[in-house]
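Read the structure below first, then the notes.
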Amino acid sequence: MDAIQWLKAIKDLDDVVEKKKTDAIPDRAQALKESMAEVNETILNIENRKKLLNRYMKTGLFTIGVTGPIAAYLVEQGFLGVLFGSSVKVIEKIIEPASEILAKLRNPNHVIAIYNIKETLKNSRGS
């Protein structure tokens, strides 16, 4: 469901409530409930993709962290090991935001806004 359909479902429910058409409220509320379920499913998909991307990036980081010093030892050049070893710490700080950005790609703006609100609330409760 896109943003226009979602807003239309909210407006339709509001119109029915304002006009006190009690027989139409359950139908409009059900449409809104279904659209919110779709949004929630999309948010869960974003969170799952974020975790998966994070795992892949950390696996790649581990591979770089292990192969760098080994390669440096094999070719007896300490600079290469230092380069890979120090880059691991920098890459570690980039992984979380990068995986979140990639997970959010190609999702509707209203879903991303709800996801951001949910993350903000989760972070404020955790602090």
- request: Kindly indicate the residue of region 8-53 that is of a type in the set (A, V, I, L, M) and in contact (Cβ under 8 Å) with a residue 60 or more places away in the chain and also farthest from Glu96 (Cα to Cα) among those meeting that condition.
  value: Val39
- request: Answer with yes or no whether Ile94 is at pLDDT below 80 and either in contact with a Cys (Cβ under 7 Å, 6 or more places away or on another chain) or among the aliphatic types (A, V, I, L, M) (or both).
  value: yes
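Can you say whether Thr22 is outside any helix (DSSP H, G or I), modelled with pLDDT under 80 and either of a type in the set (S, T, N, Q) or crowded, with 16+ Cβ neighbours inside 10 Å (or both), as far as the supplied structure shows?
Here the answer is yes, as Thr22 does meet what is asked.
The values are calculated or read from the model by the stated rules, or taken from the named source; none is laboratory data. Since we're looking at a predicted model, the values are computed, not measured. Backbone-built Cβ (ideal geometry, glycine too); neighbour counts: all protein chains shown.
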